[in-house]
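Chemist: Below you'll find the structure I mean.
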Amino acid sequence: MSASAQAPVSAVSAVVPALFVSHGAPLFALDAGTTGPALTQWGQSLKAQYPGLRGVVVMSPHWMARTAQVMTGPQPATWHDFGGFPPALYQLQYPASGSPALAQEVLGLLQAAGVAAQGDAARPFDHGAWVPLMHLFPKADVPVVQVALPVGAGPADVYALGAALRSLRSQGVLVVGSGSMTHNLAEFFGGAREPAPYVLEFSRWIEDALARGDMAALLNYRSQAPHAHRAHPTEDHFLPIFFALGAAGDDLRANYLSREVMYSMLSMDAFALESVH
């Protein structure tokens, strides 16, 4: 083993991976499948490897705004922004603190990149943020700052938002894109059923493009990926992947944490984007 391999990770110099997670249906909070435990295990390893971890910056499609917005409140509420689910789901709370200081860093980086970002001190955590974070950091002991998905943004726009925050990864911050690898809710029928073939074909095309480092193909997935429009009749739940990719940059390797498919049509793919070097 080399000397560099033996040396402990420095909380200052280490670069935290970026993360893409599929947050699934709200019931993912209670029905963790195999993805929830995988996230928990990865979160535990991350905190052990990066003892200086000081916050999470997450983008969810359940907060869309006309312009870039950043959560600035010190103690965001847990918002149950869904209806028709079992009562137990509405009792869940995710009491992670916000981080006004980190929020100001995010705002500063976005504004330095030419993004007219604004703060929102009243914004609560939507389920696209708190549901996966319940599995990732179940003790809610890492501060969280949420970033809105701008209305009308495309893959390149969202990639640029993530890229503007890339430097945070060397400062103890985990940047997370929370969306869904596939998200055609018109095909949701519930129950345990075999994964639809198109779901697997789309998901594995994305994985292959990541393995090749083919950012051009990923940015143009709408025209190049098989079944892209069926997998995502609208883009909102796929766009957070580009927030994570932008934060990761070109020198990345996708370490898959889950390839689970729920309800036949909901791919729960989750992967860490780690530096190759």
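Chemist: Quick check on the chain: helices-only [θ] at 222 nm, where DSSP H runs of length 4 and up contribute -39,500 (n - 2.57) each and the sum goes over total residues. Nearest 500, please.
Modeler: Calculated at 222 nm, the ellipticity per residue is -9500 deg cm²/dmol.
Chemist: In whole Å, what are the Cα extents of segment 145-196 along the three principal axes, biggest one first?
Modeler: 43, 27, 18
Chemist: Let me ask something else about it. So what J values fall out for segment 71-79 if you push phi through Karplus, 6.51 cos²θ - 1.76 cosθ + 1.60 with θ = phi - 60°, rounded to Hz, Gly and Pro as x?
Modeler: 5, 10, x, x, 9, x, 6, 8, 9
Chemist: Further question: Can you give the longest run of the chain that contains no trypsin sites (Lys or Arg not before Pro) sitting in a DSSP loop with at most 14 other Cβ atoms inside 10 Å? Mind showing how you got there, number by number?
Modeler: Numbers: sites that count: ARG66, LYS139, ARG193.
No qualifying site falls inside 194-277, the longest such stretch.
Chemist: I want to verify a result. In a Gaussian network model of the chain, Cα cutoff 10 Å, which of these has the top mean-square fluctuation: VAL56, VAL151, VAL16?
Modeler: Sorting by GNM fluctuation, first place goes to VAL151.
Chemist: In addition: Could you state the accessible area per residue of segment 38-170 in Å², with a 1.4 Å probe and every protein chain left in place? Numbers along the way, then the final one.
Modeler: Working: 5410 Å² over 133 residues.
Value returned for segment 38-170: 41 Å² of accessible area per residue.
Chemist: So, with +1 on the Cβ of K and R and -1 on the Cβ of D and E, and no other charges, what is the size of the charge dipole of segment 72-196 about its Cα centre, to the nearest 20 debye?
Modeler: That gives a dipole near 220 debye.
Chemist: So how compact is segment 154-277: Cα radius of gyration and Dmax in angstrom?
Modeler: My reading of the Cα-based Rg and Dmax gives 14.3, 43 Å.
Chemist: Rank these residues by their accessible area, most exposed first, probe 1.4 Å: THR72, THR182.
Modeler: So the residues, ranked largest to smallest area, are THR72, THR182.
Chemist: Given the options HIS127, HIS183, HIS232, state which has the largest fluctuation in a GNM of the chain using a 10 Å cut-off (strictly under) for Cα springs.
Modeler: HIS232
Chemist: Now for a different question. Once ligands and nucleic acids are excluded and a 1.4 Å probe is used, how much of MET134 is accessible, expressed in Å² to the nearest 10?
Modeler: 40 Å²
Chemist: Based on the Cα atoms of the chain, what semi-axes does the equivalent ellipsoid have, where each is the square root of 5 times one gyration tensor eigenvalue, given in whole Å with the largest first?
Modeler: For the chain, the semi-axes come out at 26, 22, 20 Å.
Chemist: If I model a spin label at ASP214 and ALA113 as a point 7 Å from the Cα along the Cα→Cβ vector, what separation in nanometres do I get?
Modeler: About 2.5 nm, to one decimal.
Chemist: If amide hydrogens are placed 1.01 Å from N in the peptide plane, which non-local residues have theirs closer than 5 Å to the one on LEU257?
Modeler: Excluding prolines and chain starts, which carry no amide H, the hits are ALA270, PHE271, ALA272.
Chemist: Leaving out ligands and nucleic acids, note down the accessible area per residue over segment 218-268 with a 1.4 angstrom probe, in whole Å².
Modeler: 35 Å²
Chemist: Could you give me the ³J(HN,Hα) list for segment 160-171, computed from phi with Karplus coefficients 6.51, -1.76, 1.60 and θ = phi - 60°, whole Hz, x at Gly and Pro?
Modeler: Result, ordered by residue: 5, 4, x, 5, 5, 9, 4, 5, 4, 5, 8, 10 Hz.
Chemist: Using a 1.4 Å probe on the protein chains only, how many percent of the accessible area of the chain belongs to carbon and sulfur? Don't skip to the end; give the middle numbers.
Modeler: Details: 6380 of 11320 Å².
Ligands and nucleic acids excluded, carbon and sulfur give 56 percent.
Chemist: Restrict the search to segment 73-140; then list the chymotrypsin sites (Phe, Trp or Tyr not before Pro) that DSSP places in a loop and that have at most 15 other Cβ atoms within 10 Å of their Cβ.
Modeler: Numbers: sites: TRP79, PHE82, TYR90, PHE125, TRP130; in loops: TRP79, PHE82.
The qualifying sites are PHE82.
The values are calculated or read from the model by the stated rules, or taken from the named source; none is laboratory data. This is a predicted model, so every value here is computed, not measured. We place every Cβ from the backbone using ideal geometry, glycine too, and count neighbours over all the protein chains shown. Note: accessible area is taken over every heavy atom of the protein model, side chains too, but ligands, DNA and RNA are not part of it. Shrake-Rupley method; radii C 1.70, N 1.55, O 1.52, S 1.80 Å.
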